[in-house]
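Okay, structure first, notes after.
Computed from the coordinates by the stated procedures, all read-outs in this text should not be read as laboratory data. Since the model is a prediction, treat every value here as computed from it, not as a measurement. Please note: Cβ atoms are built from the backbone with ideal geometry, for glycine as well, and neighbour counts cover all protein chains shown.
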Amino acid sequence: MQKLSASMKSSGAVEICKRLGEMSGGKVLDVGTSEGSFIKTLMKILRDYDSFIGIDISEEDLEKARSKFNDEPVEFIGMNAEKMTFDDNSFDTVCISFSIHHLEKPNKVLDEMQRVLKPGGHLIIQEMFCDDDQNEAKQTETLVHHWDAKVDSIRGVPHFETLSREQLRELVRSMKFSSIEDFESQRYVKCLFCEDMEKCGDSKNKDIIEFALREIDEILERIIDHPRFKELSQEAELLKKRVKSIGTEPASFLFFICK
Ligand SMILES: C[S@@+](CC[C@H](N)C(=O)[O-])C[C@H]1O[C@@H](n2cnc3c(N)ncnc32)[C@H](O)[C@@H]1O
């Protein structure tokens, strides 16, 4: 890990990293793994682990994930998390990272995650929240994210607005675990290991702004032939104006370790 700035130190990410560093992952399942980014992070942080399986419904994302790992003990499988093909009590650790707001049936997926978790195992949930007590730049990202969800929804891809802290806590409480550790962080845990750590925390950084503007254009391209293109492109222009004037920063998130 590199030398940390005061804002990184106080973000909450270090506490999460320390706690994960005390844990043995055993056999780990990552649900909605996309390109396997959370698996990469866990491999760096967990005290030890045996193996990882990442599942996702997007074959395109899984192909990218496979290309990002070499000799590590990891397998990526195309599978709908609403109906997993794993036996009961198969995994020591089951995780879901930044994917809850992509699920059509979150309760069904969480039930499945509990079913495949061994008794006494850990269930980890990482998810951003939308509460507006975050700084303006973080609220920019939430607004862009909610617009992105709207674009995906009109093209038939499940994607919903992110939940509030309280809605997330309620969802986690509904699973009735005997112990729930609840962390909040302003910065991603993976940032602790990234060369661009400080740049990503600077909401007015030129590269970050350009990246965000490019991302909005790329999202809009997905619906170029859709009848609602004009309406969504007007919203995109307002968002781009906000990105340029206020800046953008990743929304804060909650991190739960349940047992
Ligand atoms: C934002 S991405 C995940 C990001 C990744 N976990 C990370 O931490 O960087 C959300 C993923 O959830 C996947 N997804 C949505 N519904 C799913 C389902 N029912 N079963 C499995 N994966 C699903 C999507 O295909 C998408 O790749």
| query | Nearest 20 debye, what's the magnitude of the dipole of segment 1-124 about its Cα centre given +1 on Lys and Arg Cβ and -1 on Asp and Glu Cβ? | reply | 640 debye
| Listed highest first by mean packing, meaning other Cβ atoms within 10 Å per residue, what order do 7-17, 150-160 come in? | 7-17, 150-160
| message | Quick check on the exposure proxy: order CYS200, CYS95 from fewest to most C-beta atoms within 10 angstrom. | response | CYS200, CYS95
| said: Of all beta bridges DSSP finds with both residues in segment 6-258, what is the antiparallel percent, to the nearest 5? | reply: 35 percent
| task | Determine the dipole magnitude for the chain: charges of +1 sit on the beta-carbon of Lys and Arg, -1 on that of Asp and Glu, nothing else is charged, the reference point is the Cα centre, and the result goes in debye to the nearest 20. | result | 500 debye
| Principal-axis tilt of helix 229-246 within the chain, Cα atoms, nearest 10 degrees | 90 degrees
| note | Here the relative contact order (percent) of the chain, from C-alpha pairs under 8 Å and at least 6 apart, is 22 percent
| Partner aspartates and glutamates for LYS244 [C-alpha distance under 16 Å; skip if fewer than 8 residues away on the same chain] | GLU136, GLU141, ASP202, ASP207, GLU210, GLU215, ASP217, GLU235
| task | Starting from the exponent 0.38 and prefactor 2.2 Å, build the expected Rg for the chain from its residue count and divide its actual Cα Rg by it. | result | 1.01
